[in-house]
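Colleague: Got a structure for you, questions after.
The values are calculated or read from the model by the stated rules, or taken from the named source; none is laboratory data. Owing to the predicted nature of the structure, the values given are computational and were not obtained by experimental measurement. Cβ: placed from backbone, ideal geometry, glycine included. Neighbour counts: every protein chain shown.
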Amino acid sequence: MTAAERKELKTFMTGLKKRNPYETEFHQAVHEVAASVMPWYLQNEEYRKAQILERVTEPDRIITFRVTWETDSGEIRANRAFRVQFNHSLGPYKGGLRFHPSVTQSVLKFLGFEQIFKNSLTGLPMGGAKGGSNFNPKGKSDAEVMRFCQSMMTELHRHIGEDIDVPAGDIGVGSREVSYLFGQYMRLENRWSGVLTGKGQSFGGSAVRTEATGWGCVYFCDHMLHYHDYEIAGKRTAISGSGNVALYGAQKLIEKGAKVVTLSDSKGCLHIKDGLKEEQWEEIRELKEGSRGRLSEYKSTGVEYHDGKNPWGVECELAMPCATQNELDGEDAKRLADNGVIAVIEGANMPTTQEAIDLFRERGVLHAPGKASNAGGVAVSGLEQSQNAMRVSWDRDEVDNRLQKIMQDIHKRCVEEGGGGDHIDYIDGSNIAGFKKVASAMLAYGAV
Ligand code: NDP
Ligand code: 2IT
């Protein structure tokens with residue numbers, strides 16, 4: 001970046017921080033995109049004159065509301081919920097709902113902002129949004145989760161629709177929650193529509209949506225490694241998390257002959273020196289998806305549990321952070337690089353801090369950002385929307401083939417905008433490719 005570009009970036013970020021005080025996660029996500037696109041932006045006067053960067057960083061609207069619900073023992077609880085409808089230049093708002101105590105407006109704004117460019121990269125007609133609540137589903141009964149979801153949808157239904165805004169799952173929101181939300185939407189609106197994705201397959205859900213994010217990450221990783229003359233087979237891979245993205249990422253890695261050496265949750269990490277076996281994967285899937293248990297309960301030969309540890313101290317060639325934002329910091333990045341990591345593939349959204357990004361760049365570690373590598377989930381959500389609109393349901397192979405093609409195309413776009421040549425900057429590549437498409441649509445619409 002030239003000195004002039006750096007100066008413009010600084011001025012822009014100072015204004016953004018002033019307009020959005022205390023929203024540190026949002027600042028971080030915007031800074032990453034703005035740093036990538038600034039040179040292009042400054043060279044294209046018409047975009048600058050139209051204030052595209054200023055406009056794309058301001059959400060179309062944010063809906064904030066209270067969700068009141070009753071516990072099984074009759075106590076009243078109130079949570080805060082949001083829907084950030086960030087930008088619908090490319091299609092109806094689209095993005096997940098997150099239920100986690102750490103949810104704030106800043107977190108949902110960063111996620112909604114990233115979603116704009118991720119959705120743009122998929123090539124499907126989807127705008128960017130995100131929503132959720134500080135409700136903690138852990139330790140709640142099914143009936144409590146149902147009452148919470150019904151109460152949340154009682155407000156949310158006014159703001160969504162198959163051609164307006166189509167939510168889905170994210171942390172803490174899986175098929176159980178999507179089903180309760182969908183049931184309440186139908187009750188209130190008295191009509192069936194594809195207003196949510198990630199639905200059960202018996203009521204309009206797409207094949208492969210459950211697996212899509214994790215599998216998509218591995219498809220992306222495959223292209224990234226091939227392009228740089230590596231291959232997945234035999235690579236030791238450290239994965240964080242043990243939720244939807246982590247589990248299906250691990251499944252596809254095992255299928256492709258990689259060695260999955262870790263999984264984790266918010267309390268600790270499993271170290272599997274010789275690599276996770278298929279039967280062990282199935283046992284862990286049952287523990288997490290079936291009985292909503294903790295990894296500390298899992299016992300098996302060759303598997304050690306390390307309380308309070310994350311996976312980044314383990315020797316590996318590939319690292320796949322699949323838990324949450326800022327879970328991999330500068331120190332973790334240094335440890336990984338010292339241990340010889342080749343590539344980092346983000347399953348989670350913004351899991352690496354700016355210090356970690358800088359270190360990976362410095363050390364020549366390939367780094368696929370979430371908005372490229374985890375786009376498979378929302379891509380199959382987009383395919384679910386198409387199937388619902390056409391009143392058809394494609395089989396697993398059909399959806400998987402389309403997913404593979406989409407991940408290949410995203411990789412291609414990252415290569416084109418990420419410098420070409422023999423070492424691709426995937427962060428710049430994905431930001432520039434995702435941004436340009438949204439920016440040109442916004443320019444075409446005029447001052448709206
Ligand atoms: P899940 O709720 O299924 O799993 C989340 C996992 O991350 C759990 O293992 C959880 O551990 C761990 N985790 C969550 N918060 C923290 C934390 N603060 N510190 C440490 N560990 C934590 O969520 P998903 O797998 O769906 O989502 C994981 C990531 O992937 C998120 O960043 C999400 O935005 C992103 N993503 C998800 C997509 C999807 O289709 N589901 C699509 C694209 C991205 P514990 O159980 O102990 O809380
Ligand atoms: O972060 C994400 O891309 C998701 N949580 C999936 C969103 C979706 O609409 O499927």
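Colleague: Does at least one position in segment 336-344 carry a residue that is of a type in the set (Val, Ile, Thr), closer than 20 Å to residue 229 by Cα and touching an Asp or Glu at 6+ places or on another chain (Cβ under 6 Å)? Can you show your working first?
Modeller: Taking segment 336-344 as the starting set, the residues that turn out to be of a type in the set (Val, Ile, Thr) are 341-342, 344.
After this cut, where a residue has to be closer than 20 Å to residue 229 by Cα as well, the list is 341-342, 344.
Right, trim to touching an Asp or Glu at 6+ places or on another chain (Cβ under 6 Å) and you get 342.
Yes, some residue in segment 336-344 is of a type in the set (Val, Ile, Thr), closer than 20 Å to residue 229 by Cα and touching an Asp or Glu at 6+ places or on another chain (Cβ under 6 Å).
Colleague: Working carefully through the options 393, 386, 381, find the one that is more than 19 Å from the chain's Cα centre (by Cα), closer than 12 Å to residue 197 by Cβ, modelled with pLDDT of 95 or more and not aliphatic (A, V, I, L, M).
Modeller: Exactly one of 393, 386, 381 is more than 19 Å from the chain's Cα centre (by Cα), closer than 12 Å to residue 197 by Cβ, modelled with pLDDT of 95 or more and not aliphatic (A, V, I, L, M), namely 386.
Colleague: Within segment 284-303, which residues are surrounded by fewer than 13 Cβ atoms within 10 Å (Cβ to Cβ) and of a type in the set (Asp, Glu)?
Modeller: The answer is 286, 297.
Colleague: Give me the pairs: first residue in segment 25-45 and assigned to a helix (DSSP H, G or I), second residue surrounded by fewer than 17 Cβ atoms within 10 Å (Cβ to Cβ) and acidic (Asp, Glu), beta-carbon distance under 7 Å, and six or more apart or on different chains, which are they?
Modeller: From residues that are assigned to a helix (DSSP H, G or I), the pairs are 38/5; 39/5; 42/5.
Colleague: Go through (1) within 28 Å of the chain's Cα centre (by Cα); (2) exposed (fewer than 12 other Cβ atoms within 10 Å of the Cβ); (3) more than 18 Å from residue 108 (Cα to Cα) for residue 21 and report which single condition fails.
Modeller: Condition not satisfied by residue 21: (3).
Colleague: Still on this structure, I have one more. Which condition breaks for residue 254 when tested against (1) of a type in the set (A, V, I, L, M, F, W, C); (2) in contact with an Asp or Glu (Cβ under 8 Å, 6 or more places away or on another chain); (3) within 11 Å of ligand 1 (Cβ to nearest atom)?
Modeller: Unmet condition: (3).
Colleague: Let me ask another. Please go through segment 28-41 and pick out each residue that is under 20 Å from residue 105 (Cα atoms) and either of a type in the set (Lys, Arg) or buried (at least 20 other Cβ atoms within 10 Å of the Cβ) (or both).
Modeller: Once the filter is applied, which keeps residues that are under 20 Å from residue 105 (Cα atoms) and either of a type in the set (Lys, Arg) or buried (at least 20 other Cβ atoms within 10 Å of the Cβ) (or both), segment 28-41 yields 29, 30, 32, 33.
Colleague: OK, next. Considering 286, 331, 355, 317, which residue is touching an Asp or Glu at 6+ places or on another chain (Cβ under 8 Å), at pLDDT 95 or above and among the acidic types (Asp, Glu)?
Modeller: Being touching an Asp or Glu at 6+ places or on another chain (Cβ under 8 Å), at pLDDT 95 or above and among the acidic types (Asp, Glu) holds for just one of 286, 331, 355, 317, which is 355.
Colleague: Which of the numbered conditions does residue 269 fail, given that it passes all the others? Conditions: (1) touching a His at 6+ places or on another chain (Cβ under 8 Å); (2) away from ligand 1 (no atom under 16 Å from the Cβ); (3) hydrophobic (A, V, I, L, M, F, W, C).
Modeller: Residue 269 satisfies every listed condition except (2).
Colleague: So, one more: Taking segment 165-196, which residues are part of a loop (DSSP other than H, G, I, E, B), closer than 18 Å to residue 108 by Cβ and not small (Gly, Ala, Ser)?
Modeller: Passing the criteria: 171, 196.
Colleague: Something else now. Could you give me the residue pairs with C-beta distances under 8 Å whose first residue belongs to segment 268-280 and is within 12 Å of residue 258 (Cα to Cα), whose second residue is not aliphatic (A, V, I, L, M) wherever it lies, and which are 6+ apart or on separate chains?
Modeller: Hits for this filter: 274/259; 274/302; 275/236; 275/259; 276/259.
Colleague: Any residue in segment 178-191 that is out of contact with any helix residue (DSSP H, G or I) (no Cβ under 8 Å at 6 or more places or on another chain), more than 15 Å from ligand 2 (Cβ to nearest atom) and among the charged types (D, E, K, R)?
Modeller: yes
Colleague: Further question on the same structure: Please note which helices (runs of 4 or more DSSP H) are completely contained in segment 277-377 and include at least 3 residues that are within 16 Å of ligand 2 (Cβ to nearest atom).
Modeller: 370-373
Colleague: Among the listed residues 102, 73, which satisfies the condition of being out of contact with any helix residue (DSSP H, G or I) (no Cβ under 9 Å at 6 or more places or on another chain) and farther than 28 Å from residue 54 by Cα?
Modeller: Working: 102 fails: farther than 28 Å from residue 54 by Cα.
Exactly one residue qualifies, and that residue is 73.
Colleague: Still on this structure, please answer the following. Against the definition (at pLDDT 95 or above and more than 25 Å from residue 121 (Cβ to Cβ)), how does residue 40 come out, yes or no?
Modeller: no
Colleague: Would you tally the residues in segment 134-172 being without any contact (Cβ under 8 Å) to a residue 60 or more places away in the chain and within 14 Å of ligand 2 (Cβ to nearest atom)?
Modeller: 0
Colleague: Could you please give the count of residues in segment 379-395 that are closer than 15 Å to residue 409 by Cα and near ligand 2 (Cβ under 8 Å from one of its atoms)? Quick ask: steps written out before the conclusion?
Modeller: As a first pass, look at segment 379-395 and keep what is closer than 15 Å to residue 409 by Cα: 379-380.
Next, only the ones that are near ligand 2 (Cβ under 8 Å from one of its atoms) stay: 380.
Here the count works out to 1.
Colleague: Among 245, 218, which is closer than 23 Å to residue 400 by Cα and in contact with a Ser or Thr (Cβ under 6 Å, 6 or more places away or on another chain)?
Modeller: 245
Colleague: Show the residue pairs meeting these rules: Cβ distance below 9 Å; 6+ apart or different chains; first residue within segment 100-112 and within 16 Å of residue 17 (Cβ to Cβ) and in a helix (DSSP H, G or I); second residue within 12 Å of ligand 2 (Cβ to nearest atom) and of a type in the set (D, E, K, R).
Modeller: 109/130; 110/130
Colleague: Here is a further query. Of all residues in segment 254-276, how many are surrounded by 24 or more Cβ atoms within 10 Å (Cβ to Cβ) and either within 16 Å of ligand 2 (Cβ to nearest atom) or more than 21 Å from residue 335 (Cβ to Cβ) (or both)?
Modeller: Count: 1.
Colleague: Right, next: Being surrounded by fewer than 24 Cβ atoms within 10 Å (Cβ to Cβ), within 25 Å of residue 416 (Cα to Cα) and of a type in the set (Gly, Ala, Ser) narrows it down to one of 123, 127, so name that one.
Modeller: After ruling out the rest, the residue left standing is 123.
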